[in-house]
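Encoded as C-alpha cells, the structure appears first; notes follow it.
Here, each number is a calculation from the coordinates, and none is a lab measurement. All of these numbers come straight from a predicted model, not from anything done at the bench. Virtual Cβ from ideal backbone geometry, glycine too; neighbours counted across all protein chains shown.
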Amino acid sequence: MADLSTVFTGIRFENPFLLASAPPTESDANILRAYEAGWGGVVTKTIGLHPVANVRGPKTKFLRVDNGGSRLSMAKRPDSTLMASWNWELISDKPLDWWIPRLEAVKKAFPDRVLVASIMAGSGSDKELENWQVLTRAVQDAGVDAVELNFSCPHMDRVDMGSNIGKDKVLCSISTQAVKEVARIPVWVKLTPASADISEEAGATFLGGADAISSSNTFPSLPLVDPSTAEFEVNVNGFVASGGMGGPAILPLSLAKMAQLTQSFPDREFSGVGGIASFDQALSYFMLGCGTVQVATAAMLDHAIGPNVIRALTDGMTAFLERNAERGWTSLEDFRGLLRERIVSHSQIARPDASDYRGGYEEESEGYATEPLTV
Ligand SMILES: Cc1cc2nc3c(=O)[nH]c(=O)nc-3n(C[C@H](O)[C@H](O)[C@H](O)COP(=O)(O)O)c2cc1C
C-alpha cells in the first residue's frame, strides 16, 4: 500500500508537498483553501517587522516561449509554453499583528496540517537580531509548527537582509543562532542560490543550529527588452531592478544547488524548491535526498493555490509507488537519496574503450603534479 506520509524535522506530514512562501500563502483565506485542496503543508508568505511598499503595476510576470518558435516574451498569448516566472514582489505587506490571529485560527481549523511561518529581519545590529527573536516568539506562540528563515529574498537594498544574509556565512550563522536561542520549534533556513558555493553557507547555517535547509529561492534575473518599444517588458517609468526567476527554467539550476547541499551534508534534512509542477519534477529532488518539496509558480497559475497541482503531485507519487511495488518501495524513505552519490567529478565518468582522462591534469610523468599542489 502506497503511504504518502512522512516525517521531516520531527513533524509528521500527510504528504511531502508544501506550498512555498509566495502569493499562494499570502492570506489565511488562501491557506485554508490550500489545506482543503490537499496540500500537506504551507510556508506562509514571509512576515517581517519593517514597512513594505510594493512597486506600481505587476509584481509578477510569466515568461513564455512560442511553441515551435523562438520568441520569448512576458506577453500573454496563445500557442506558447511557460518557461519561468519573474517577480519583484517584496515580503508580506501585512504587519505581524495582522498575521498572528490568522495563524492561530488556521492552526485551530487544521491542526493536522503543517503550518510553517516564513520570517525575515536584518542582521547588522543587536536590534535586528532581536527582531528575529520577536518574530520567532510571536509565530511560535500562535501555534505554527516550524519557522523558515528567509536568507534569500533577492530584492533587498540593505546589505544585512534577505539574500545578502544568505551570501555571507557569518551572518547566516549568527542570525540562525539568534533564532535558535528562543525557538522551541524546528528552524528551517531558506538559502539563496546566488552564491558561489551554497554548501559553505549551509555549513555555517547548520553550525548556527538550523534543523533543515530549503533551496532554492528565485534566481537573480532581469525582464527582457521588448523590441517593439525598446523598453524592459516590466518597468516603472522606464526603470527596473533585478528580480527573481522561478518556474520550469530553474529546475535544473536548483537541482545542481541541491546536489551540492545533500552531498556535503548527507545526514541533514532538506526541502527542495524550484520548478516543480508535478511528481516527475519532485522526484528529482527526492532522489537527491530531499524529505519535502515546495511549489510556488505552478500553484500561482492554477487557481492561485494549485488544486490541480497538489492532485497531480499526490496521484503521481501514488502511481510511482505502485509501479515500483516489486522493488519493495512503499513510502518516500524507500527511494529518498538513491541518486545522491551518482553525481561525480567529470573524470570519474566512463570514457569509450580504454582511453584515459585526468580531469585536465598532466599525464603522470616525472616532474609533473598529478594532483593540485597544496602549499
Ligand atoms: C511572486 C513570488 C513571490 C515570492 N515571495 C517569496 C517570499 O515572500 N519569501 C520567500 O522565501 N520566497 C518567496 N518566493 C520564492 C518562492 O517561494 C520559490 O522559492 C521560488 O519561486 C521557486 O519556486 P517555483 O519554481 O516553484 O516558483 C516568491 C516567489 C514568487 C514567484
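In terms of the Cα gyration tensor, with a ≥ b ≥ c the square roots of its eigenvalues, is region 83-158 rounded because a/c is under 1.5, prolate because a/b exceeds b/c, or oblate? Judged from the Cα gyration tensor, region 83-158 comes out oblate (a/c at least 1.5, b/c at or above a/b). Taking L261, L103, L338 as the candidate residues, the one with maximal mean-square fluctuation in a Gaussian network model of the chain, Cα springs under 10 Å, is L338.
Taking amide H atoms as placed 1.01 Å from N in the peptide plane, the amide H of I276 lies under 5 Å from those of A296, each 5 or more residues away in sequence or on another chain.
The simple spin-label model puts a point 7 Å past each Cα toward its Cβ; for D126 and V159 those points are separated by 2.2 nm. Residues whose amide H lies under 5 Å from that of D226, counting only those 5 or more places away or on a different chain, are E231, F232, E233; hydrogens are built 1.01 Å from N in the peptide plane.
Label point of T330 set 7 angstrom out along Cα-Cβ; within region 261-298, no amide nitrogen lies under 16 Å from it. Listed from fewest to most Cβ neighbours within 10 Å, the set S355, S284, S242 follows the order S355, S242, S284.
Region 126-184 and region 55-114 have Cα centres lying 22 Å from one another. Look at the dipole of region 6-340 built from charges on Cβ: of P227, G40, G328, the Cα furthest out on the positive end belongs to P227. If R0 equals 35 Å, the separation of the Cβ atoms of V236 and A256 corresponds to a calculated FRET efficiency of about 0.60. Relative to the current alpha-carbon distance between A105 and A196, full extension at 0.36 nm per residue lengthens the span by 28.6 nm.
Label-to-label distance for M1 and A304 is 3.7 nm, based on points extended 7 Å past Cα in the beta-carbon direction.
Whole-Hz Karplus values for region 316-322 come out as x, 5, 4, 4, 5, 5, 5 Hz, taken residue by residue from phi with 6.51 cos²θ - 1.76 cosθ + 1.60 and θ = phi - 60°; glycine and proline positions read x. For S118, the amide hydrogen comes within under 5 Å of the amide hydrogens of T44, I47, E148, counting only partners 5 or more places away or on other chains and with H modelled in the peptide plane.
Sequentially through region 293-306, phi angles give Karplus couplings (6.51, -1.76, 1.60; θ = phi - 60°) of 9, 10, 10, 10, 3, 4, 6, 4, 8, 10, 6, 6, 10, x Hz, Gly and Pro residues having no value and appearing as x. Residue separation of A53 and A29 scaled by 0.36 nm, minus their Cα-Cα distance, works out to 6.5 nm of gained length. The C-alpha atoms of the chain occupy a region whose extents along the principal axes are 71, 54, 49 Å, arranged from largest to smallest. Which of the three applies to region 1-153, rounded, prolate or oblate, going by the alpha-carbon gyration tensor with a ≥ b ≥ c and a/c under 1.5 meaning rounded? It comes out oblate by the Cα gyration axes.
The stretch between L82 and R351, if pulled fully straight at 0.36 nm per residue, gains 93.2 nm over its current Cα-Cα span. Only lysines eight or more places from K94 in sequence, or on another chain, were considered; those with a Cα closer than 27 Å are K45, K59, K61, K107, K108, K127, K167, K180, K190.
Site pair E322 and D267 shows an inter-label distance of 3.9 nm when each label is modelled 7 Å from Cα along Cα→Cβ.
Evaluated with a Cβ-only charge set (Lys, Arg +1; Asp, Glu -1), the chain carries a dipole of roughly 1100 debye about its Cα centre, given to the nearest 20. A simple count of charges around R137, restricted to other residues whose Cβ falls under 11 Å of its Cβ and scoring Lys, Arg +1 and Asp, Glu -1, yields -2.
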